[in-house]
Amino acid sequence: MTVAEGALHPGSAPPPADEERRLAAVRRYQILDTPCDGAFDKVASLAAQIFRTPFATVSIVDSDRVWFMATSGLSGTTEIARASGLCASAILDGAPYIVTDTLTDPRTAAGPLVHGGIGVRFYAAAPITTADGYHLGTVNVLDTEPRQVTEEQLAALQNLAALVMDQLELRLSAIRTVTAERQMRTAAEGLARTLQRTLLPPALPRVPGLGTAAAYHTASEYEVGGDFYDLFPLDDGRWAFFLGDVCGKGADAAALTSLTRYTLRAAAIYDPDPCAVLANLDTVLKGEYQGTNPRYCTAVFGVLQPEDDGSFALTLAGGGHPPALAVRADGTVEPVRTTGGQLIGLLPAPRFTQTATRLRPGDALLLYTDGLTEARTPGGSLLEEQGLAAHLAAGVWHDADGLLAGVHQLLTGLGAGVNDDTALLALSVPTRRTEPVQETR
């Protein structure tokens, strides 16, 4: 089927309000008109199996067409006109788009896909959404008969869309890595910085009721480190985040970092329990590097649950990583320890531990890699956790951005004493404003 076969019709879906920025996000992932990818083919096939439908697609919505990254049951079909109104409607918001009977639903009753071609009578889609909130396309299923769906099927469809987004991120990371390697011949410094950026999220998502900030401080202009971080939503209203450090430097560390980051996100989709996520990462690293030199990392993984009073319940697990520091509203600093958590990917049967706390209005949380605490002060001693805590306790930090600015000031002051890369992730809960009490007369 070609674009021409889906001519404009009165029921065409209007473009999203942020269409120009959404299309820029589509272009960013460099996926349009690329050869078939086995991973996306498996997603389409699995979607059809879950819903027991004859057709399924993984689709990207372009300016005037819907291009299929993968299909199941639609051999030879590569694109249709955007004006067909199904995928184009499904990207208008972040919720699943369900049409149980296209002939009786006013959104689709006049659509060309309903009255021509395969005669679509059922359609369900979950949007493929970037970390910064743009809907690139959908994972969707279609049938020629009306259908009902279950909550379990919808949850599975959303998980498949999230996996497609993770694969696009990983693919983009690989593209950027290849680009960076080509630059090596003429610009070693440019290579290191470009490659480092490919291993980190391009932007942190917006979290309602939470301030977020991240930074990466490099110790060498010519060497790629292995520090990483990420923040992303879970499908139940909670938010997950992680920060860590892989062993080594250079290309090997970059490959390990990419695998680690992707594995942590994928594991959290199936079981977001922090200890379970770290255990899954340990299994993957051992399987990937079996029979070779062991590759390992340290990491902390947390889950945030927003509460009605504006606070966030926090569950945090650690594997061999320095403790996070909670900066409370009253200025006190306390470590959030996951005592006993061991290195990931190295030991035969490592133990991972977790702890729970709460971030209340005015509180902040700082996660960091050991490049910060192993930096040397002008006196020659290591900064360590105590020195970092003392620096934080001596300042006034209004939000996550201010907290990172304070740490940046500390790193700048240490100068040559910083000999390793440092990744930083800060989370803050804004102080709740109270309305002034009006006197009555």
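Confirm whether residue 100 is within 21 Å of residue 161 (Cα to Cα) and β-branched (Val, Ile, Thr). Taking the combined requirement at face value, the residue satisfies it.
Just give me the residues in region 305-360 being on the phi > 0 side of the Ramachandran plot and in contact with a strand residue (DSSP E or B) (Cβ under 7 Å, 6 or more places away or on another chain), in sequence order. Scanning region 305-360 gives 320, 340, 345.
From the residues in region 108-137 that are among the β-branched types (Val, Ile, Thr) and part of a loop (DSSP other than H, G, I, E, B), which one is nearest to the chain's Cα centre (by Cα)? Result: 130.
Applying the criterion of being out of contact with any Phe, Trp or Tyr (no Cβ under 9 Å at 6 or more places or on another chain) and of a type in the set (Ser, Thr, Tyr) to the residues of region 316-352, the residue that is modelled with the highest pLDDT is 332.
All told, residue 261 falls short of being of a type outside the set (Phe, Trp, Tyr) and touching a Cys at 6+ places or on another chain (Cβ under 9 Å).
Of the residues making up region 352-384, just one is buried (at least 20 other Cβ atoms within 10 Å of the Cβ), more than 30 Å from residue 308 (Cα to Cα) and among the hydroxyl-bearing types (Ser, Thr, Tyr), namely 369. Close Cβ contacts (under 6 Å, 6 or more residues apart or on different chains) running from residues in region 22-51 that are charged (D, E, K, R) to residues that are part of a loop (DSSP other than H, G, I, E, B) comprise 22/16; 22/134. Yes or no: residue 74 free of Cβ contacts under 8 Å to residues at least 60 places away in the same chain, in contact with a helix residue (DSSP H, G or I) (Cβ under 8 Å, 6 or more places away or on another chain) and assigned by TED's automatic domain parsing to the domain that holds residue 149? Spelling it out, it is not the case that residue 74 is free of Cβ contacts under 8 Å to residues at least 60 places away in the same chain, in contact with a helix residue (DSSP H, G or I) (Cβ under 8 Å, 6 or more places away or on another chain) and assigned by TED's automatic domain parsing to the domain that holds residue 149.
From the list 424, 365, which residue is within 30 Å of the chain's Cα centre (by Cα) and either closer than 22 Å to residue 249 by Cα or not hydrophobic (A, V, I, L, M, F, W, C) (or both)?
424 is the lone residue from the list that is within 30 Å of the chain's Cα centre (by Cα) and either closer than 22 Å to residue 249 by Cα or not hydrophobic (A, V, I, L, M, F, W, C) (or both).
Among the residues that make up region 220-228, is at least one of them touching a helix residue (DSSP H, G or I) at 6+ places or on another chain (Cβ under 9 Å), assigned by TED's automatic domain parsing to the domain that holds residue 366 and over 25 Å from residue 417 (Cβ atoms)?
No, because not a single residue in region 220-228 is touching a helix residue (DSSP H, G or I) at 6+ places or on another chain (Cβ under 9 Å), assigned by TED's automatic domain parsing to the domain that holds residue 366 and over 25 Å from residue 417 (Cβ atoms).
Looking only at region 46-70, filter to residues that are more than 25 Å from the chain's Cα centre (by Cα) and surrounded by 15 or more Cβ atoms within 10 Å (Cβ to Cβ); which one of those is nearest to residue 136 (Cα to Cα)? Here the answer is 65. Once region 1-45 is narrowed to residues that are hydrophobic (A, V, I, L, M, F, W, C) and more than 22 Å from the chain's Cα centre (by Cα), the residue that is modelled with the highest pLDDT is 36.
Scanning region 353-368 for residues that are at pLDDT 95 or above and under 22 Å from residue 278 (Cα atoms) returns 355, 356, 357, 358, 365, 366, 367, 368.
Rundown of residues vs (1) in a helix (DSSP H, G or I); (2) of a type outside the set (Val, Ile, Thr); (3) in contact with a strand residue (DSSP E or B) (Cβ under 6 Å, 6 or more places away or on another chain); (4) over 20 Å from residue 159 (Cβ atoms), yes/no style:
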| position | (1), (2), (3), (4) |
| --- | --- |
| 39 | yes, yes, no, no |
| 45 | yes, yes, yes, no |
| 57 | no, no, yes, no |
| 145 | no, yes, no, yes |
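Residue 349 meets all of the listed conditions (1) surrounded by 16 or more Cβ atoms within 10 Å (Cβ to Cβ); (2) farther than 20 Å from residue 259 by Cα but one, namely (1).
Considering region 269-319, and only residues there that are among the β-branched types (Val, Ile, Thr) and outside any helix (DSSP H, G or I), the residue that is farthest from residue 226 (Cα to Cα) turns out to be 315. Just for region 68-104: of the residues that are touching a Leu at 6+ places or on another chain (Cβ under 6 Å) and outside any loop (DSSP other than H, G, I, E, B), which one is farthest from residue 122 (Cα to Cα)? Ranking the qualifying residues of region 68-104, first place goes to 83. Remark: pairs (first residue in region 163-178, over 23 Å from residue 235 (Cα atoms); second residue at pLDDT below 90; Cβ separation under 7 Å; 6+ apart in sequence or on different chains) = 173/198; 173/199; 173/258; 176/194; 176/198; 177/195; 177/198; 177/254.
The values are calculated or read from the model by the stated rules, or taken from the named source; none is laboratory data. Everything numeric in this text was worked out from a predicted model, so none of it was measured. Heads up, the Cβs are rebuilt from the backbone with ideal geometry, glycines too, and the neighbour counts pull from every protein chain shown.
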